[in-house]
Structures are given as C-alpha cells and as structure tokens.
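Some notes on the structure that comes next.
The values are calculated or read from the model by the stated rules, or taken from the named source; none is laboratory data. All figures in this text were calculated on a predicted structure; none of them were measured in a lab. Using ideal geometry, Cβ is built from the backbone for each residue, glycine included, and neighbour counts are taken over all protein chains shown. Heads up: the accessible areas ignore ligands, DNA and RNA and are worked out on the full protein's heavy atoms, side chains in. Shrake-Rupley method; radii C 1.70, N 1.55, O 1.52, S 1.80 Å.
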Amino acid sequence: MLKIKILVADSIAASAVEKLKKEFDVTEHHYSISELIEVIEQYDAVIVRSATNIPQTVIERGIKLKVIGRAGVGVDNIDVEAATNQGIYVVNSPLASTITVAEMAFTFIMALSRKIIDANNETKAGNWPKKHLMGSELFKKTLGFIGCGRIGSEVVKRAQAFGMNCIIYDPYLPQEIFQKMGTEQIMDLDEIFARSDYITIHALLTDETRNMIGDRELSLMKPTAFIINCARGGIINEQALYKALSDEKIAGAGLDVFSEEPAKKNILFGLKNSYVSPHIGASTVEAQIRAGEITAEQVRLVLKGKRPEFCVNLHELDKK
Ligand code: NAD
C-alpha cells in the first residue's frame, strides 16, 4: 500500500519529525516556491514555519493535499482562503509560545525597572555607573494590560507573584474572568494610561487596535511609567512614542515588535530609554519544540481522518 506522504518544508523539532516517521513517509526539504509548485502534487501534507510561503499557486497544484501545518501561530504565509476552497485543513499551534512570550514581556518589565541594559553597557565601558542607575521595585506597582487573552493572563500570574496590582482593559473578555484572575476590569482605556506604572500590550492587531496608542494616550501616562509591546507593531504609533520618549514624558519602552519588520532601521533605535529586540518573543527552545510537536499532531489527526484541535479554517470547512 502507498504510504501517506508529508513534506516538512521548514525545519521543525526533530522529536516531531521522528513521531511522524513512525506512521508516514516524511521528506524534510526546503524548496523555493517554483520548486514547490513542481513537487507539491506528491504530498498529502506539508508543514512549514515562517520561511516557506504557501500561496494559491502552490495550493492549486497540491491535488493530494489534505492538510497544511504551520508550526507557530500566525498563518500569514499561507493562503487560507485558497486552502479552504480546496477543502484543505490549515492547522497550527496557537498555545505553543504563550508562556515564552509572557516571559519576554516580563523580561522587559524587569530590565526597564533596573535599567539592566545601561548597567551592562556602562559597567563594561569602565564607568562603574552606580549613582545614576537607581531602579524601581515592581512590588505594589500597577501593571496595566491592553488585551489579556492567552499571553496576557500568563503575565498576570507572574506579576501577581511579584506583588503587582493588575488592571485590565479588554472589552471582549467576560466579566467573571477578571474576578477569577484577581484583577480589576477597566472599561475606560484612558484609565489604564493614567493609573499604570507599567503598561503591557497583549491585544491582537486589528483595525480597532492599529494606532490605538498615540500622542493623546501617551500624554496621559505618568512620567515614571514604562510601556511594553510584545504583541504586534502598529498598535503604538511609533512617531508619537518617539516624541514621548525623547521628551522624557514617559520613562521608557520595551519593544519586541515594530510597524515594519524586519526593522533594520527605526526612529526608536537611537533612544537611550527604548529597549528593543527583533521579534524574538516566541524564540525559545521550548516553544519551538512545542510548536513542532503540536503541529505534527494536528497534521497526524487530519491524515488519520480525525478532527484537529487547532485548525484556523475548521468552521469554514464544516460549512462546506
Ligand atoms: P489572544 O487572542 O489569546 O488574546 C488577545 C486578547 O486581545 C483577547 O483577550 C482579546 O479580547 C483582546 N483584544 C482584542 N481587541 C482588543 C481591543 N481593541 N482592546 C483590548 N483588548 C483587545 O492572543 P494571544 O495569544 O494572547 O496573543 C496576544 C498578542 O501577542 C497578539 O498580538 C499576538 O500576535 C502576539 N504574539 C507575539 C509574539 C512575539 O513573538 N512577540 C508571539 C506570539 C503572539
């Protein structure tokens, strides 16, 4: 009997590939789009991360394709509509990086509080900068959340362990969640800006959240407050943030995401009170292993005729 064939087009955890190999014929190879168009007809499934795009032109040639796996959360590199039209499941691993990204946000909170990057740079430069590196404690400080789903709620747990008071603006969460988490529900976004010592963003980028933080919102913040964005670039207006930081209207910002990525240049890079990283919020060994294993399992379920747990077009496919 012909074995079911899976193409692993971007490298995923070896443990995930090994598991798939027990039941399927697995090929690990990275192809360019034009090569993929030529070979895709052999495969029942393809697994990618973010390096390989699966556009309509590839999907149309995938006559045996039943499932496309994305080891990670975002499926921007896959034409989901084309897949749905062809009855192909698009599965992913939305929970794989939750803890990792929560820890990244908390890393920024702590690094900014203790000016750790300046401390590192100045100490190594021989300045022994003890006097002007006065930090601040997290204990009893207010941490304001904009959006508090999977990642935000993990940040809440870590903040509470540090004795912080968590206040949350998330109009889409049911009221009982706030009580359950031991947090305060804030209905007016301005209150988050006015009351918080730290603001952390964990909302999705949507038409509603794009540029939701501009000059006016930043002007409501305390001069000692910090803002952290490990969600998506574009939620904070970068020109407005540049102005607030360079005029020292706020104390600092921690940014893992930018309005244009890769961000080789950005006005925020030249500032001393901005701490930045290249969208590495999900980049830990553990998250990558989890993403590979969860996605491989979703692909396995589909190929075995079962219902996947994490599938972005399940409802649309159900309607067909
Ligand atoms: P989630 O869907 O579990 O949570 C998002 C929350 O945002 C929800 O509770 C939703 O109600 C809320 N929300 C939506 N619109 C809002 C609005 N207008 N105002 C306030 N809240 C609003 O998502 P998640 O998995 O927790 O991811 C959160 C963010 O982190 C997303 O933007 C995601 O893209 C980003 N992310 C970043 C990285 C990274 O590498 N830095 C990795 C993974 C996810």
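Table for the structure above
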item	result
Options 241, 268, 245, 317; residue that is in contact (Cβ under 8 Å) with a residue 24 or more places away in the chain and surrounded by fewer than 19 Cβ atoms within 10 Å (Cβ to Cβ)	317
Single condition residue 78 does not satisfy, out of (1) within 16 Å of the ligand (Cβ to nearest atom); (2) modelled with pLDDT of 95 or more; (3) open to solvent by 30 Å² or more (accessible area, probe 1.4 Å)	(3)
Residue 16 being over 25 Å from residue 307 (Cβ atoms), in contact (Cβ under 8 Å) with a residue 60 or more places away in the chain and not hydroxyl-bearing (Ser, Thr, Tyr)	no
Close pairs from region 181-205: first touching a residue at least 24 places away in the same chain (Cβ under 8 Å), partner in a helix (DSSP H, G or I) and more than 13 Å from the ligand (Cβ to nearest atom), Cβ under 6 Å, at least 6 apart	198/109
Subset of region 103-148 [among the acidic types (Asp, Glu) and either in contact (Cβ under 8 Å) with a residue 60 or more places away in the chain or surrounded by 15 or more Cβ atoms within 10 Å (Cβ to Cβ) (or both)]	103, 118, 122
Failed item, numbered, when residue 130 is tested on (1) modelled with pLDDT under 95; (2) within 12 Å of the ligand (Cβ to nearest atom); (3) within 25 Å of residue 224 (Cα to Cα)	(2)
Given (1) away from the ligand (no atom under 16 Å from the Cβ); (2) assigned to a helix (DSSP H, G or I); (3) open to solvent by 80 Å² or more (accessible area, probe 1.4 Å), number of the condition residue 160 does not satisfy	(3)
Subset of region 83-102 (residues that are under 22 Å from residue 283 (Cα atoms) and without any contact (Cβ under 8 Å) to a residue 12 or more places away in the chain)	none
Candidates 228, 186, 192 - the one that is open to solvent by less than 10 Å² (accessible area, probe 1.4 Å), within 17 Å of the chain's Cα centre (by Cα) and in the same structural domain as residue 261 (by TED's automatic domain parsing)	228
Looking only at region 50-75, and only at residues there that are among the hydrophobic types (A, V, I, L, M, F, W, C) and either open to solvent by 10 Å² or more (accessible area, probe 1.4 Å) or more than 22 Å from residue 293 (Cβ to Cβ) (or both), the one that is modelled with the lowest pLDDT	73
Test: residue in region 86-93 that is within 16 Å of the ligand (Cβ to nearest atom), surrounded by fewer than 21 Cβ atoms within 10 Å (Cβ to Cβ) and over 17 Å from the mean Cα position of the chain (by Cα)	no
Some residue of region 169-188 being touching a helix residue (DSSP H, G or I) at 6+ places or on another chain (Cβ under 9 Å), under 26 Å from residue 243 (Cα atoms) and hydrophobic (A, V, I, L, M, F, W, C)	no
Subset of region 65-82 [in contact with a Lys or Arg (Cβ under 8 Å, 6 or more places away or on another chain) and without any contact (Cβ under 8 Å) to a residue 40 or more places away in the chain]	77, 78
Tally, over region 63-75, of residues that are closer than 21 Å to residue 297 by Cα and more than 16 Å from the ligand (Cβ to nearest atom)	6
